[in-house]
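Here, each number is a calculation from the coordinates, and none is a lab measurement. Remember, it's a predicted structure, so these values are computed and weren't measured experimentally. Here the Cβ positions follow ideal geometry from the backbone for every residue, glycine too, while neighbour counts run over all protein chains shown.
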Amino acid sequence: MASGSGVAALVVAACAPKIGGSGSDSTVAPTSSLAPGTTVPATGGPVDVEISMRAINDRVEIRPGGESEVWRLVAEVTDGDASAVVPVGESYLGPTLHFRRGQRVRIVFDNELSEETIVHWHGLDVPEDMDGHPRFAVPNGGRYVYEFTIENRAGTYWYHPHPHGRTGPQVYAGMAGFLIVSDDEEDALSLPGGEFDVPMVIQDRAFDGDRLVYMRNGMMDQMIGFLGDEVLVNGQPDAAFPVVPRSYRLRVLNGSNSRIYKLAWDDGTPLTVIATDGGLLAAPVERPYVTLGPAERVDLWVDFASVPSGSDRRLVSLPFDAPQMGGMMGGRSSLPNGAAFDVASFTVAGAAASTDPLPPVLSDLGLASIDEATNPDSARTIVLAMARGSWTLNGRTFEMTAVAPEETVRLGTTEVWEFFNAGGMGGGMMGGGMGGGMGGGLAHPMHMHGQQFQVLDRTIDDDGRAAWETVSGGYVDDGWKDTVLVMPGERVRVLRRFTTFPGLFLYHCHNLEHEDMGMMRNFRIDPA
Ligand code: C2O
Ligand code: CU
Ligand code: CU
């Protein structure tokens, strides 16, 4: 137990002027939210681990032989167990943070970028002022001190910036990393660990020579979501992993701004999924392929002993039907959403090693029951649609601190929420309009901050069915989730507890261009 430095958690807002954007060219201006010097509630007690994290400008070699300008989150342990921060090789990716359930952590964050930012711990359940809400964004030279206890189950979480209007460009420029939580329940399973436990973030990027480029098509990229021309894993193109013939745990994160992956093994072996966003499933499940929307995670278990030594097994993304997007994307990205491509290859070499068998039972999920819900038959419905040229939630776009009456819930309750993708920007778009008709439209990966939820059921309308059936066999709805893909014409009902922290939290589309244009709202949990 390292002793705390006794500082109050506060926002140090230097009066540095905002310097014009560097590197990225979004059409959305940065938003200032907090007055300089604003303080968040003092904490400052003893913690188990203290980390210094900085947002910096950097240059890294992404493509061999040339450097690109990136923005990165870098970190080091300043007090406590040094293994809490593990750098990730040669890339822009932030280091992997390793925490234990129950640990108290302090993260002292310094913004050295020329624009405001704030870091969010995606999937963690933390108090409102520790969640990286855009109202806490700090300017250049600003500091934000986070302090929270890891309440989450063991699982694959991540961190990324969350300033309003600038999340897409900042994540794209490199600001993201894994946050992995372990606990006693998981330890008891002897799942593949150490070098056999491989975090893999999949992101698509576009380059001009060696230089990362974003928003090549201006407003069109904002409306659809940015799509790159090539797929990187852990910040590296043409990802290849040398492996030995034994079992591995692959922690797969879709860290892309807007691309959806339909992951499969190239040889047709089914995927074995052991965990989703909120940690281990009750038992492993198999899927012919896994559909992974932006921000979603799956942990795959794979036994490379079944692959002949000296040969490869490739993780690929299969084609799927994204008709309305495909037409619009023609000629814009060389890799439209729904295109087929390789993600990573695994080359098996060496003698068979002793392996960890796949446990038949993984975890006690502690799922909620619909009987707990205050509204079992009348879900709180959030309609996802295009209105007045913008993506909206129940017709509204983001307001920094506002909540609508239907966005307030009471602490201590469990509720059914329903995300309904009403389409919009379908065939009409191709004719030059921004019509909001039913049918057509884009998928929206809906994310809620705070506690994880569970998917109750999904229904699809007739217009959306054909496209839906090309991805729906890859949904993994069996465990805890914080992000759920909602296809055009689809209704997804989720069951969520609001039982830990009161306050103002976000729910939004995790297509980062949609989020930045305002497809994000607050919900407020009022004390009981
Ligand atoms: Cu991963 Cu509110 O975001
Ligand atoms: Cu989040
Ligand atoms: Cu969206």
- Which of ILE460, ILE107 comes first, and how do the rest follow, when ranked by fewest Cβ neighbours within 10 Å? ILE460, ILE107
- Looking at the square roots a ≥ b ≥ c of the eigenvalues of the Cα gyration tensor of the chain, which shape do they give, rounded for a/c under 1.5, prolate if a/b is larger than b/c, or oblate? rounded
- Item | Additional length obtainable on full extension of the chain from ASP477 to MET219, 0.36 nm per residue less Cα span | 89.5 nm
- Item | Virtual spin-label span in nm between THR459 and GLU399, 7 Å along Cα→Cβ | 3.1
- Note on the structure: Residues meeting the amide H criterion for THR408 (H placed from the backbone, H to H distance under 5 Å, 5 or more places apart or on another chain) are ARG524
- Message: With +1 assigned to the C-beta of every Lys and Arg and -1 to the C-beta of every Asp and Glu, and no other charges, what is the dipole magnitude of the chain about the Cα centre in debye, to the nearest 20?
- Response: 860
- Item | Karplus-derived HN-Hα couplings along the stretch 157-171 (A = 6.51, B = -1.76, C = 1.60, θ = phi - 60°), whole Hz, x at Gly and Pro | 10, 8, 10, 6, x, 8, x, 5, x, 10, 5, x, x, 6, 5
- Note on the structure: So, with points 7 Å from each Cα along the Cβ direction, the GLU151-THR499 label distance in nm works out to 1.1
- Roughly how many whole Å is it from the C-alpha centroid of the stretch 56-75 to that of the stretch 115-133? 24
- Sequence-distant residues sharing a close amide H with ASP321 (under 5 Å, placed H): THR470
- Karplus-derived HN-Hα couplings along the stretch 350-365 (A = 6.51, B = -1.76, C = 1.60, θ = phi - 60°), whole Hz, x at Gly and Pro: x, 7, 4, 9, 5, 10, 8, x, 6, x, x, 10, 10, 7, 8, 5
- Task: Report, in debye and to the nearest 20, how large the dipole of the stretch 73-189 comes out about its Cα centre when Lys and Arg carry +1 and Asp and Glu carry -1 on their Cβ.
- Result: 280
- Item | Nearest-0.05 FRET efficiency for ASP184 and VAL361, computed from C-beta distance (R0 22 Å) | 0.90
- Message: Check which residues have an amide H placed less than 5 Å from ALA275's amide H, if you skip close sequence neighbours.
- Response: LEU281, ASP299
- Message: If you average the alpha carbon positions of the stretch 241-314 and of the stretch 359-388, how far apart do those two centres end up, in angstrom?
- Response: 25
- Under the Karplus curve 6.51 cos²θ - 1.76 cosθ + 1.60, θ = phi - 60°, whole-Hz ³J(HN,Hα) for the stretch 52-59, x wherever Gly or Pro sits: 9, 10, 10, 9, 9, 7, 8, 10
